[in-house]
There are 2 protein chains.
Amino acid sequence: MAHGARGGRSGGRPTLEEVAARAGVGRGTVSRVINGSPRVSEATRAAVEAAVAELGYVPNTAARALAANRTDAIALVVPEPETRFFAEPYFSDMLRGVGAELTETEMQLLLIFAGNDRERRRLAQYLAAHRVDGVLLVSVHADDPLPDLLSQLEIPAVISGPRSASETLPSVDSDNYAGARQAVEHLLSRGRTRIAHITGRLDVYGAQRRVEGYRDALREAGHQVDETLIEPGDFTEEGGRRAMTALLERCPDLDAVFAGSDVTAAGARQVLREAGRRIPDDVSLVGYDDSAIARHMDPPLTSVRQPIQEMGRRMIDLLLTEIADRRPAATRGLDRRQVVLATELVERASS
Amino acid sequence: MAHGARGGRSGGRPTLEEVAARAGVGRGTVSRVINGSPRVSEATRAAVEAAVAELGYVPNTAARALAANRTDAIALVVPEPETRFFAEPYFSDMLRGVGAELTETEMQLLLIFAGNDRERRRLAQYLAAHRVDGVLLVSVHADDPLPDLLSQLEIPAVISGPRSASETLPSVDSDNYAGARQAVEHLLSRGRTRIAHITGRLDVYGAQRRVEGYRDALREAGHQVDETLIEPGDFTEEGGRRAMTALLERCPDLDAVFAGSDVTAAGARQVLREAGRRIPDDVSLVGYDDSAIARHMDPPLTSVRQPIQEMGRRMIDLLLTEIADRRPAATRGLDRRQVVLATELVERASS
DNA sequence: ATCACTTGTGGGAGCGCTCCCACAGTACCT
DNA sequence: AGGTACTGTGGGAGCGCTCCCACAAGTGAT
């Protein structure tokens, strides 16, 4: 194909220049209208908009990206295998919140899995090519190198769940400490005293905070913390089964379980049932997340609600601010960059 | 920021031109090396690759997209609400197959939901901007306008499941007719004679084909087809419950159920159990898809396996061919563009 | 009247790449 | 010897936009 014909002057997609000719204005003016600049008179704006409509003009994203050095895309990076993504409602809720907030904008969302080495290398390449303006990181473990890579590449990022108390990246999280306290205080109020805790992955900071909340709630109620009642889990159903099996063997007298996630609670419930323990008669069960499965369990599961969709929305807010506003960090209020949302105990029949 | 400094000649990302200077060759040569052209001598290629490595050069996607008029991205369009996407293993399996095939390439996959009007408008805008080189359409209903939009915009597309016997778009599907026959013949061989069928959405061509397979299998075995044993469903669990309830009321003497999907079978099983029918003693149950839930059901579900991941892979194959190879349709073999994969009956305890 | 702004506008330059033409060099025919 | 073909290479032109400078025209203070 001849070079000059590449764009197909006739029949191809209209360009900004053609819109300008049609509206009888210059290229710059059309650009200003398209990008909503206030420095355009009403009459001119109307003329340009008419031309855009008549020609069916749609801006060329690649040209814009090249000239403006931005992509209008952000990535939701899930450092987990796809299977976990689909198995755990946490992720789909998050995706929904993020998607909802993004429909208001021109931004495009990319879903990227980085569950194994191969995928991670691909992601690194992807980020190095600066194919996104910003990154949303969910479910990050304490020793994950991804955040460092991101700041090295100077790509704005927001993390769901800080990696530690001194997280430097902007983050959005629910109040894990208070949530755990709500769960334990509820169980205590039900007269339970031998309350076990199946934790989340302890390399996730939020899971540690929940353990702290669990401990403090017991202590403040005048109970001693029995360390044998704490069993590490990993947020998964299988992990819940494993932990519950170990707990039943070690502490057959337990009368309540506070699980690190609803999915974990489902695993625990199965083991409890097989062991002949009735819920809630013999053992009270409380989950975390208040995801869809909590309502559908038998009996319905009492759970600590995290506003996951809201968290997704707030992450987008933070990220878009971060992208728009690249002033030196000193002039930014750090206070606004660590968002913590309240949890709420949803009582159901399992406790 | 001053215009000339935009790219940041110092410290910014290296450009192709800088690589060329470093390797002591011209821009064209570097471009040829990057794009794997064979028209480069070994020595030159090595020199360029060294320069690329030293500089940490990564091509600028936007510039490439602008100059070459392609985006190196394809979209997986799901014309369903997100909730269905997460509830049905069909989609996640498909996504996995597609993703696997794509890791071999430089292509990027975008997941786009078009479950409501707002999302559909957004998608139309997106496609009009030609932000993807091609589209994968899954789960398309007979009257969906999306395929027409795509061909109007001249965007290559592949459809999973033709809309009719005379589908014009390239498609990949499993042999729904044969799959249904396998299921029914299996139930007949088990001595069942009152075999009900809960269909899929009948505006999906594949679901119609399964009904035909169901009918023909019965007829060829010398049975008359009792139309009251056929109840429309919609692939969902709730649909399965509804249909099963209707069937039990209308035909209490049924002794087998062939469901349009595993999820539908799960809904049917629940109703059967509540009605006191034992599986498989009183009623045999066969599903479709052989998704993960089939193995985890109680009792494990006999199901017609569709090679969904394989289907995803083949769709990518077709689409990449379609994108690479834009010769006039006449020179292309239409035969290669309608792929039908074999199904396989997986026998488990439910039948 | 002059100066200093402000508002609205046009268009040059440039983003980093791909495509293609031109051409040097070599190889193999007549 | 001349012709023809092919291989490998350099670099001009152009993709469609944004950014910014320049400048015309208007407004109000001096």
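The values are calculated or read from the model by the stated rules, or taken from the named source; none is laboratory data. It should be emphasised that the depicted structure is a prediction, and the values quoted were computed from it without experimental measurement. In this analysis, Cβ positions are derived from the backbone assuming ideal geometry, glycine residues included, and neighbour counts consider all displayed protein chains. All accessible areas refer to the heavy atoms of the entire protein, side chains included, with ligands and DNA or RNA removed. Shrake-Rupley method; radii C 1.70, N 1.55, O 1.52, S 1.80 Å.
Calculated FRET efficiency, A:Asp298 and B:Asp282, Cβ-Cβ r, R0 30 Å, to nearest 0.05?
The formula returns an efficiency of 0.80 here.
Around B:Met244, under 12 Å between beta carbons, what's the net of Lys plus Arg minus Asp minus Glu among the other residues?
Its environment carries a net charge of +1.
Rolling a 1.4 Å sphere over the protein heavy atoms, what is the accessible area per residue of the protein assembly as shown, to the nearest Å²?
The answer is 45 Å² per residue.
Could you quote the convex hull projected area for the protein assembly as shown, Cα atoms only and averaged over all directions, in nm²?
Directional mean of the projected Cα hull area for the protein assembly as shown stands at 37.2 nm².
Just going by the charge dipole of chain B, with Lys and Arg at +1 and Asp and Glu at -1 on Cβ, which of B:Pro14, B:Leu102, B:Gly276 is farthest out on the positive end?
Value computed over the given set: B:Pro14.
Which one of A:Gly28, A:Gly115, A:Gly267 has the biggest mean-square fluctuation once chain A is modelled by GNM with Cα springs under 10 Å?
Residue with maximal mean-square fluctuation among A:Gly28, A:Gly115, A:Gly267: A:Gly28.
For the range B:176-305, what is the relative contact order in percent, using Cα pairs closer than 8 Å and at least 6 residues apart in sequence?
So the answer I get is 25 percent.
What percentages, rounded to whole numbers, describe P(r) for the range B:59-131 computed over all alpha carbon pairs with 5 Å bin width beginning at zero?
All Cα pairs, binned at 5 Å, distribute as 3, 13, 22, 20, 19, 14, 7, 2, 0 percent.
Considering every residue in A:155-163, what mean count of other chain Cβ atoms within 10 Å of its Cβ is obtained?
Working: counts 0, 0, 0, 0, 0, 0, 0, 0, 0.
Mean number of neighbouring Cβ atoms from other chains: 0.
Packing-wise, with mean Cβ within 10 Å as the measure, how do B:83-92, A:119-128, A:40-49 rank, highest first?
Result, highest mean Cβ count within 10 Å first: B:83-92, A:119-128, A:40-49.
Leaving ligands, DNA and RNA out of it, report the carbon-plus-sulfur percent of the accessible area of the range B:176-305 at a 1.4 Å probe.
Values: 2350 of 5140 Å².
That fraction is 46 percent.
How much length would be gained if the chain were fully extended between B:Ser164 and B:Glu274, taking 0.36 nm per residue of separation minus their Cα-Cα distance, in nm to one decimal?
Here the segment from B:Ser164 to B:Glu274 would lengthen by 35.8 nm.
Using a Gaussian network model of chain B whose springs link C-alpha atoms within less than 10 Å, name the residue from B:Leu153, B:Leu102, B:Leu136 with the highest mean-square fluctuation.
Residue with maximal mean-square fluctuation among B:Leu153, B:Leu102, B:Leu136: B:Leu153.
How would you order B:69-79, B:164-174 from highest to lowest mean count of nearby Cβ atoms within 10 Å?
Working: B:69-79: 21.1, B:164-174: 17.7.
Those peptides, ordered most packed to least, come out B:69-79, B:164-174.
Give the carbon-plus-sulfur fraction of the accessible surface of the range B:1-114 in %, rounded to a whole number; probe 1.4 Å, heavy atoms of protein chains only. Write out the running numbers ahead of the final one.
Working: 2980 of 5660 Å².
Carbon-and-sulfur percentage of accessible area, whole number: 53.
Expressed as a rounded percentage, what relative contact order does chain B have, with Cα pairs under 8 Å and six or more residues apart?
16
For B:Val340 and B:Val225, calculate 0.36 nm times their separation in residues minus their Cα-Cα distance, and state this gained length in nm to one decimal.
38.7 nm
Could you report the buried accessible area between A and B, both sides summed, computed with a 1.4 Å probe and given in Å² to the nearest 100?
3000
Along Cα→Cβ, 7 Å out, is where each label goes; now give me the distance between the ones at B:Glu212 and A:Glu18 in nm to one decimal.
For the pair B:Glu212/A:Glu18, the computed spacing is 4.3 nm.
Three principal axis extents, largest first, for the C-alpha atoms of chain A, in Å?
The Cα atoms of chain A stretch 83, 45, 35 Å along their principal axes.
Mind checking the mean number of beta-carbon atoms from other chains within 10 Å of the Cβ atoms in B:58-69?
6
Kindly identify the range A:176-305 as rounded, prolate or oblate by the Cα gyration tensor criterion: order the square roots of the eigenvalues as a ≥ b ≥ c, call it rounded if a/c is under 1.5, otherwise compare a/b with b/c, prolate if a/b is larger, else oblate. Don't jump to the answer; show the numbers that get you there.
On the way: a/c = 1.28, a/b = 1.13, b/c = 1.13.
Since a/c stays below 1.5, the shape of the range A:176-305 is classed as rounded.
Peptide B:85-97: average number of partner chain Cβ atoms within 10 Å per residue?
3
Any idea how far the Cα center of the range A:282-317 sits from the one of the range A:87-130, in Å?
22
Suppose every Lys and Arg Cβ carries +1 and every Asp and Glu Cβ carries -1, with no other charges. What dipole size does the range B:176-305 come out with about its Cα centre, to the nearest 20 debye?
In total the dipole reaches around 180 debye.
Provide the FRET efficiency to the nearest 0.05 for the A:Arg250-B:Thr83 pair, computing r from the beta carbons and using R0 = 45 Å. Could the numbers behind the result be given before it?
On the way: r = 40 Å, r/R0 = 0.88.
Efficiency at R0 = 45 Å is approximately 0.70.
Placing the label point 7 Å from Cα along the Cα-to-Cβ direction, what are the distances from B:Ala68 to the equivalent spots in the other copies, shortest first, in nm to one decimal?
2.4
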